[in-house]
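Structure first, then comments.
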Amino acid sequence: MAVRAVRGAIQVDADERDLVLEATIELLTEVLARNELATDDLISVVFTATPDLHAEFPAYAARTMGITDVPLLCACEIDVPGAMPRVLRLLAHVETQRPRSDVRHVYLRGAAALRTDLPR
């Protein structure tokens with residue numbers, strides 16, 4: 001079994017607790033689905049949020065999904081002038097048989113504009 005890293009991002013409509021939780025769940029669910037992963041395949045997940053998102057910790061959303069035995073970390077994204085606002089990102093380390101070339105990175109909602117090179 002190989003360890004792979006999966007990236008993802010989603011733009012949140014507003015800095016509201018329920019919207020942050022909903023977006024995080026949507027992103028994490030889609031990362032798992034597109035890569036045919038179960039929560040048991042997760043090794044760790046690092047979440048980042050742009051500085052304009054602080055209504056809730058994205059890791060809390062993962063915990064509400066039942067992901068309780070995986071190390072999770074939240075951090076603030078670098079505040080680059082002109083960067084896309086209200087973006088949650090994740091970097092998940094997973095165990096999978098997929099070769100690196102078959103890992104599906106997930107960019108949703110407005111964040112899809114960050115990686116126009118990826119298939120949708």
Among the residues listed as GLU22, GLU30, GLU77, GLU95, the single one being under 11 Å from the mean Cα position of the chain (by Cα), charged (D, E, K, R) and at negative phi: GLU30
Among (1) modelled with pLDDT of 95 or more; (2) out of contact with any strand residue (DSSP E or B) (no Cβ under 7 Å at 6 or more places or on another chain) - the single one ALA113 does not satisfy: (1)
Name the one entry in PRO71, PRO51 that is in contact with a Cys (Cβ under 8 Å, 6 or more places away or on another chain) and closer than 23 Å to ASP18 by Cα. PRO51
When every residue in the stretch 1-13 that is within 22 Å of ASP102 (Cα to Cα) and β-branched (Val, Ile, Thr) is compared, the one surrounded by the fewest Cβ atoms within 10 Å (Cβ to Cβ) is VAL3
If I filter the stretch 71-101 down to residues being surrounded by 11 or more Cβ atoms within 10 Å (Cβ to Cβ) and modelled with pLDDT under 95, which single residue comes out as farthest from THR48 (Cα to Cα)? ARG98
With the requirement that a residue be crowded, with 22+ Cβ neighbours inside 10 Å and hydroxyl-bearing (Ser, Thr, Tyr), what does the stretch 14-47 give you? THR24
Go through (1) more than 28 Å from THR116 (Cβ to Cβ); (2) surrounded by 15 or more Cβ atoms within 10 Å (Cβ to Cβ) for THR50 and report which single condition fails. (1)
Quick one: which residue in ALA112, ALA83 is closer than 10 Å to GLY8 by Cα and without any contact (Cβ under 8 Å) to a residue 40 or more places away in the chain? ALA112
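The values are calculated or read from the model by the stated rules, or taken from the named source; none is laboratory data. Bear in mind that the values here come from a model prediction, so they are computed numbers and not experimental data. Heads up, the Cβs are rebuilt from the backbone with ideal geometry, glycines too, and the neighbour counts pull from every protein chain shown.
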